[in-house]
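One structure is given here, and the rest of the page talks about it.
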Amino acid sequence: MVRLLLARLGQSVVTLLIASVVIFVGVRLLPGDPALAMAGEEATPERVAAIRAELGLDDSLLVQYLHFLGQVLSGDLGESTRTGTPVTTLLGSTLPVTLWLSLYAIVVAVVVGIALGVVAERFRGRWPEWLANAAALTSLSVPNFWLGMLAILWLCIGLGLFPASGYVELGQDPLAWALHLTLPALVLGTGLAAVIMRQTRASMIEAMGSDYVRTARATGLPKGRVLLRYGLRNSLVVVVTIAGLQLGGLISGAVVTEQIFALPGFGKLTLDAVFTRDYPVIQAVVLVTTLGYVLVNLAVDVLYTVVNPRIRVGGRSS
Amino acid sequence: MTQVVTTTATTAPGGAAGAPGDGPQVAAVPRLRVLTHLLRTPLALTGLVMLAVVVLAGVLAPWIAPYAPEQVHFDAPFQLPGTVGFALGTDDLGRDILSRMLWGVRASLTVGLLAVVLAVVVGTPLGLAAGYWRWLDAPISRLTDVTLAFPFLVLAVGLAAISGPSLTNAAIALGVAQVPTMIRVVRGETLRVREHEFVQAAVAMDASGPRILAQHVLPNCLSAVIVQATVIMPVAVLGEAVLSFLGLGIQPPTPSLGIMLADAQQYLSRTPWPALFPGLAIVVVCLGFNLVGDALRDALDPSTSDRK
């Protein structure tokens with residue numbers, strides 16, 4: 001198993017390296033000269049040249065790439081060409097917002113998705129299953145930013161239950177923090193919940209038809225125990241994998257959700273950087289996204305081995 | 001927008017179109033039976049009707065839209081739905097929402113179709129190659145890993161930044177983001193099909209790799225490709241809406257459902273109507289594809305899911 005994990009780790013590193021080249025080249029393909037943008041319209045050519053040299057824009061691409069890689073590895077992501085703020089500072093202030101939002105959304109999606117999936121299996125062929133299926137299909141078809149707009153209209157403006165926009169630090173006021181994040185997390189989590197529900201239901205149907213569940217039933221175990229201990233536990237493997245695969249989508253979704261609810265997160269940083277051609281920030285943002293995605297997939301694979309006793313070496317028989 | 005990698009192992013209702021247990025499974029299901037299955041399943045029928053309405057609306061938009069989508073009526077902003085002359089009301093500039101919506105659906109379908117074509121054209125050959133030639137498997141898998149590591153929004157952001165936001169760039173970003181899943185699906189199918197006797201027979205008869213792939217493997221992967229295409233379509237339509245909403249997709253004054261929603265958001269507290277109908281249109285388009293896609297999957301492949 002250790003060898004398996006090491007090989008997997010190696011693959012992740014290769015993926016990251018290739019991605020870093022793609023990012024580096026991609027950012028260089030962007031039109032517009034950041035030195036010109038920084039110097040302003042009335043700058044002398046000498047001033048622009050000085051800034052170019054300062055930013056290292058005159059070196060060869062290979063030198064620039066190696067320089068970039070070295071800096072990234074030492075934790076230096078450069079400074080925003082627009083504001084001069086270190087990129088790490090920008091990430092430090094925006095990432096927590098997005099991470100909390102995503103985590104909240106994942107928790108919502110997993111709880112709702114698995115619960116509905118189990119219910120759908122438990123009541124197969126009856127109205128709860130039909131309802132759960134309909135809900136899942138609908139939420140897969142609804143744009144989450146539209147859902148966010150409707151939620152703001154109805155719950156924030158209409159009923160005044162939640163604040164419509166903005167963010168409060170967790171340390172400042174935990175209650176306000178939760179209130180500000182609840183609606184965005186619900187909106188962001190719906191699509192993921194639908195995918196998890198459908199997957200849970202499908203895996204549960206398969207698991208409940210298997211021999212070990214029949215045996216468990218035959219031993220006279222209570223229904224609920226069979227359902228959760230035997231059916232659900234064995235379905236979780238696939239559910240975890242699928243949830244992991246959805247993370248790329250969740251990141252994209254977070255950008256839009258932050259835009260709708262005016263959360264000062266990673267998504268806003270991304271959009272601002274693109275619209276102002278802030279090379280170092282764009283680079284860092286894409287790099288962090290890629291790193292996050294690769295790490296999550298690695299974690300999913302590790303989890304997979306932990307959750308699935310058939311892969312785990314020397315595991316207890318379940 | 002959550003990307004959909006749905007895997008369902010639903011059994012076909014009533015087992016109406018069950019595939020034979022052995023042999024080239026999916027291809028053995030007669031087309032007519034698939035069609036009858038779709039027409040007999042109430043949900044699938046609903047989906048087909050939705051799609052028919054939506055496709056007709058999109059195709060016929062230039063002829064059935066009451067006004068040109070960009071035409072402003074400064075004397076009639078924020079008309080309520082049901083106003084004479086404006087069935088679904090007007091927006092802040094007095095533009096007819098119905099007309100803009102019809103054109104928006106047309107744009108959504110165009111982007112969706114382009115994305116699907118791109119994913120199929122690029123993904124299918126790569127998937128076939130990765131599944132058939134072992135030495136190509138690892139490099140192609142790395143390629144899909146790297147592509148998957150860039151969420152579609154990041155791809156779209158990059159493309160929009162490099163060559164300006166446009167309908168084409170939105171379609172390219174959405175299509176490229178879907179290539180990895182298409183590769184995985186086709187690769188899985190190829191791995192399954194290549195074990196069959198008819199492929200081994202072709203190998204024994206010294207048929208060339210490309211010939212085997214084209215004549216024997218590809219036809220047996222087609223239904224999986226079609227099902228995957230119905231999964232990609234709604235994802236791409238949602239993606240287009242997101243990109244246009246953020247200003248990274250279709251550019252005004254060209255009407256797009258996403259742009260309509262972005263405009264509507266600015267005066268949401270004043271009047272919700274302009275935000276309601278474009279959103280509903282997106283839901284109908286996506287729901288139609290999702291319903292038909294689910295039913296197709298059940299009909300073509302009731303026993304297996306695309307899970308590895």
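The values are calculated or read from the model by the stated rules, or taken from the named source; none is laboratory data. What you are looking at is a predicted structure, and each value in this text was computed from that prediction instead of being measured. Cβ atoms come from the backbone with ideal geometry, glycine included; neighbour counts cover every protein chain shown. To get the accessible areas, we keep the full protein, side chains included, count just its heavy atoms, and leave off ligands, DNA and RNA. Shrake-Rupley method; radii C 1.70, N 1.55, O 1.52, S 1.80 Å.
Some notes on this structure:
- Between the amide H of A:Ser80 and those of A:Thr85, A:Val87, distances stay under 5 Å, these residues lying 5 or more places away or on another chain, with hydrogens modeled in the peptide plane.
- Chains A and B together bury roughly 4700 Å² of accessible area, counting both sides, with a 1.4 Å probe on protein heavy atoms only.
- Helix-only CD estimate at 222 nm, as mean residue ellipticity for the protein assembly as shown, using -39500 (n - 2.57) per DSSP H run (n ≥ 4): -23000 deg cm²/dmol
- Residue (of B:Val285, B:Phe150, B:Gly127) at the positive-pole extreme of chain B, dipole from beta-carbon charges: B:Gly127
- Per-residue average of Cβ from other chains inside 10 Å of B:232-241: 2
- Accessible surface computed residue by residue for the protein assembly as shown, with neighbouring protein chains in place and a 1.4 Å probe, gives 45 Å² per residue.
- Between 0 and 90 degrees, the angle of helix B:152-163 with respect to the longest Cα principal axis of chain B falls at about 70 degrees.
- Put simply, the Cα atoms of segment A:161-289 extend 65, 34, 22 Å along their principal axes, the longest span coming first.
- Highest-MSF residue in chain B out of B:Asp206, B:Asp294, B:Asp137 [GNM, Cα springs under 10 Å]: B:Asp206
- GNM remark for chain A: springs join alpha carbons under 10 Å apart, and the peak mean-square fluctuation among A:Val285, A:Val195, A:Val302 falls on A:Val302.
- Each Cα pair under 8 Å and six or more residues apart adds its separation to the average, and for segment B:167-308 the resulting relative contact order is 26 percent.
- Summed side-chain charge close to B:Val179 - residues other than B:Val179 whose Cβ falls under 15 Å, Lys, Arg +1, Asp, Glu -1: +2
- More than 23 angstrom apart: percent of Cα pairs within segment A:87-307: 54 percent
- For the options A:Leu57, A:Leu91, A:Leu147, a Gaussian network treatment of chain A with springs between C-alpha atoms closer than 10 Å singles out A:Leu57 as fluctuating the most.
- Global geometry of the protein assembly as shown, whether rounded, prolate or oblate, following the gyration tensor of its Cα atoms and the 1.5 cut on a/c: rounded
- Degrees between helix B:167-193 axis and first principal axis of chain B (Cα, 0 to 90, nearest 10): 20 degrees
- Length-normalised contact order of chain B in % [C-alpha pairs under 8 Å, at least 6 apart]: 30 percent
- For segment A:87-307, averaging the sequence separation of C-alpha pairs within contact (under 8 Å, six or more residues apart) and dividing by the residue count gives a relative contact order of 29 percent.
- One chain, two ends: A:Val302 and A:Asp58. Fully extended at 0.36 nm per residue, the span grows by 83.5 nm beyond their Cα-Cα distance.
- Inter-chain Cβ neighbour count for A:249-259, averaged per residue, equals 6 (cutoff 10 Å, partner chain atoms only).
- Helix B:273-300 axis, angle to chain B major axis (alpha carbon atoms, nearest 10°): 20 degrees
- Only Lys, Arg (+1) and Asp, Glu (-1) charged, at Cβ; segment B:190-308 dipole about Cα centre in debye: 160 debye
- Positive-end ranking of B:Gln178, B:Gly104, B:Val55 along the dipole of segment B:30-307, with charges on Cβ about the Cα centre, is headed by B:Gln178.
- Exposed loop sites here are GluC sites (Glu not before Pro) assigned a DSSP state other than H, G, I, E or B and surrounded by at most 14 other beta carbons within 10 Å; excluding them, the longest clear run of chain A is A:170-318.
- For segment A:188-278, the list of trypsin sites (Lys or Arg not before Pro) that fall in a loop by DSSP and count at most 16 other C-beta atoms within 10 angstrom is empty.
- Mean Kyte hydropathy of 0.0 or more with a Cα span along the axis of at least 24 Å, helices from DSSP in chain A: A:2-28, A:87-122, A:174-208, A:279-307
- Treating each Cα of segment B:30-307 as one equal point scatterer and applying the Debye formula with no solvent, the log10 of I(q)/I(0) at q = 0.10, 0.11, 0.17 Å⁻¹ comes out as -0.61, -0.71, -1.27.
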